[in-house]
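The values are calculated or read from the model by the stated rules, or taken from the named source; none is laboratory data. Since the structure is predicted, the reported quantities are computational estimates derived from the model, not experimental observations. Cβ: placed from backbone, ideal geometry, glycine included. Neighbour counts: every protein chain shown.
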């Protein structure tokens, strides 16, 4: 006997609300319906373990079928099925969650994490793509009759008992709407299954595929022949690595799973972190450290977020801390709500706790690697440096842990922690004001003369060559007491670390004033400020220095910053042209009576200084080469 009824909702407009607002992307209908099928199967397994479902469970595969001719998609499971009363209770009373009731009933006997559903609304996502939905179901309960339910997307439905449904489980038939016929393409559905259902815990069959198996026959050489057979096309891995115990996995298993997640990634990950937490929330997953370049680029292959092995999103920005988005891998937690918007996820309390915990686990893992094998950690440091720096800048808790193991590297290739480096250089690199000066270079080739001058004084020079280093340096100066970072070309070597000044100039102030216009005529007044310094006779006759503050602001502006950084960043580049008053060439220029020779000597000296900083280009470089040949 067929009966009719109205879906029990608070508003006649529930379907437009589901279609437009509850789900941001209509393709997730498949995720929701397959998840429901998995729920039904997992519940049946749980009841069988408790002795409440008897008999042979048989093959529990879920099947997805696409029929382009009839314009239907079928999702078929062999789970516990539903009676007529259960369909009316769970399907027609929207937001009454069957999963939730099941967990409450059996909360002392079954792991709640085997059940995916939270809201009871997943089924209705079907109407995002279907003009009509049918349910054919037979409950596992003895004596049950088959049931047929049908709805055309309005609040009206039909339900009747049927005799031709003889196999336990539920078949959902979607009659695809005319504007959604793209979902009748098998390639489209297979793509969605691999995206959303790739790691669901029940096997999912989508058609068949060709495979080769031993035939039992031998060829002329006595070797066994293979034969081509048709096998089920199982699109998922029901037991992914993150669901297994770390003790049961080897390095090869982790690497194999990495390539399963990212088949287009040919480089091996540096190392991984296996997350496995059951209190105060449930969290599993595997995070991988890929090799990172010196540029701060978000990887295309991102962390994938799952809820009970159901794919939620790989757009995890603002859900996990920004610096963790540089990693790859999987995070899975049933405490992450499945059927909600990203803005809800970002505000969810559980998500925030999970993000904080992952940050702690990552920091703990790095510290463990550092302590366990320092040499191996140093080998990997250049590849993870930018990740650690980003974390320290953006997350205070991570900074507190990472300051113990973050490394700095010298231009000579030696690695130190900050505590080690401070002890290593403080005797030599403390200035007259008791401030410790950390000298650094950003390019060992371009800044080689300055590095060489510093090293000759017994100083150590750090290599800070990532795009993030200007921000990292600023952050460290705000944290570390009585420490300043100065780039080796920011000033003359004796002024980088100011000691007591006992130097004497060979040129009087009057001689310097006479020489100033001669030197200023050889460079652009808008770009260079001429300064006279009492340097060693062994130092270059002229040097170009770049004031630390202005240059650092410019560097930081390139990474984005706004405010003062933006103001200074947009100002023209400024340099100091430092004249070494104690160099013999400067005295010779001063004493030269022939104006042409004086001009050539001055130009040659300034061009050499420009050349050392890579600032001599174009016509200026051409003229310098010609002049050098003539002088030779």
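Pick out the one residue from 237, 233 that is at negative phi and in a loop (DSSP other than H, G, I, E, B).
Matching residue, one of 237, 233: 237.
Look at segment 477-502 and say how many of its residues are without any contact (Cβ under 8 Å) to a residue 12 or more places away in the chain and either under 24 Å from residue 384 (Cβ atoms) or crowded, with 21+ Cβ neighbours inside 10 Å (or both).
Going through segment 477-502 one residue at a time, the tally reaches 2.
When segment 450-461 is examined, which residues are found to be touching a helix residue (DSSP H, G or I) at 6+ places or on another chain (Cβ under 8 Å) and either crowded, with 18+ Cβ neighbours inside 10 Å or in a strand (DSSP E or B) (or both)?
450, 453, 454, 459, 460, 461
With the requirement that a residue be under 23 Å from residue 69 (Cβ atoms), touching a residue at least 40 places away in the same chain (Cβ under 8 Å) and within 32 Å of the chain's Cα centre (by Cα), what does segment 159-203 give you?
183, 186, 189, 190, 192, 193 - these are the residues of segment 159-203 that are under 23 Å from residue 69 (Cβ atoms), touching a residue at least 40 places away in the same chain (Cβ under 8 Å) and within 32 Å of the chain's Cα centre (by Cα).
If residue 445 satisfies all but one of (1) part of a helix (DSSP H, G or I); (2) free of Cβ contacts under 8 Å to residues at least 40 places away in the same chain; (3) out of contact with any strand residue (DSSP E or B) (no Cβ under 9 Å at 6 or more places or on another chain), what's the number of the condition it fails?
Going through the list (1) part of a helix (DSSP H, G or I); (2) free of Cβ contacts under 8 Å to residues at least 40 places away in the same chain; (3) out of contact with any strand residue (DSSP E or B) (no Cβ under 9 Å at 6 or more places or on another chain), residue 445 breaks only (1).
Just checking, does segment 171-183 include any residue being part of a loop (DSSP other than H, G, I, E, B) and either closer than 23 Å to residue 239 by Cα or assigned by TED's automatic domain parsing to the domain that holds residue 309 (or both)?
No, segment 171-183 contains no residue that is part of a loop (DSSP other than H, G, I, E, B) and either closer than 23 Å to residue 239 by Cα or assigned by TED's automatic domain parsing to the domain that holds residue 309 (or both).
Let's see how each residue does on (1) surrounded by fewer than 15 Cβ atoms within 10 Å (Cβ to Cβ); (2) at pLDDT 90 or above; (3) within 28 Å of residue 411 (Cβ to Cβ):
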position	(1), (2), (3)
319	no, no, no
322	no, no, no
329	no, yes, no
349	yes, no, no
369	no, yes, yes
375	yes, yes, yes
389	no, yes, yes
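Between residues in segment 507-533 that are not assigned by TED's automatic domain parsing to the domain that holds residue 575 and exposed (fewer than 12 other Cβ atoms within 10 Å of the Cβ) and residues that are outside any strand (DSSP E or B) and modelled with pLDDT under 90, which pairs lie under 7 Å by C-beta distance while being six or more apart or on different chains?
Listed by first residue and then by second, the contacts come to nothing, as the list is empty.
Are any residues in segment 331-347 at pLDDT below 75 and under 25 Å from residue 123 (Cβ atoms), and if so, which ones? If you could, list the steps in order and put the result at the bottom.
Here is the first cut: in segment 331-347, the ones at pLDDT below 75 are 336-347.
Scanning segment 331-347 gives 336, 337, 338, 339, 340, 341, 342, 343, 344, 345.
Is at least one residue of segment 83-94 assigned to a loop (DSSP other than H, G, I, E, B), within 17 Å of residue 171 (Cα to Cα) and modelled with pLDDT of 85 or more?
Yes, some residue in segment 83-94 is assigned to a loop (DSSP other than H, G, I, E, B), within 17 Å of residue 171 (Cα to Cα) and modelled with pLDDT of 85 or more.
Tell me whether segment 504-513 contains one or more residues that are modelled with pLDDT of 85 or more and on the phi > 0 side of the Ramachandran plot.
No - not one qualifying residue is present in segment 504-513.
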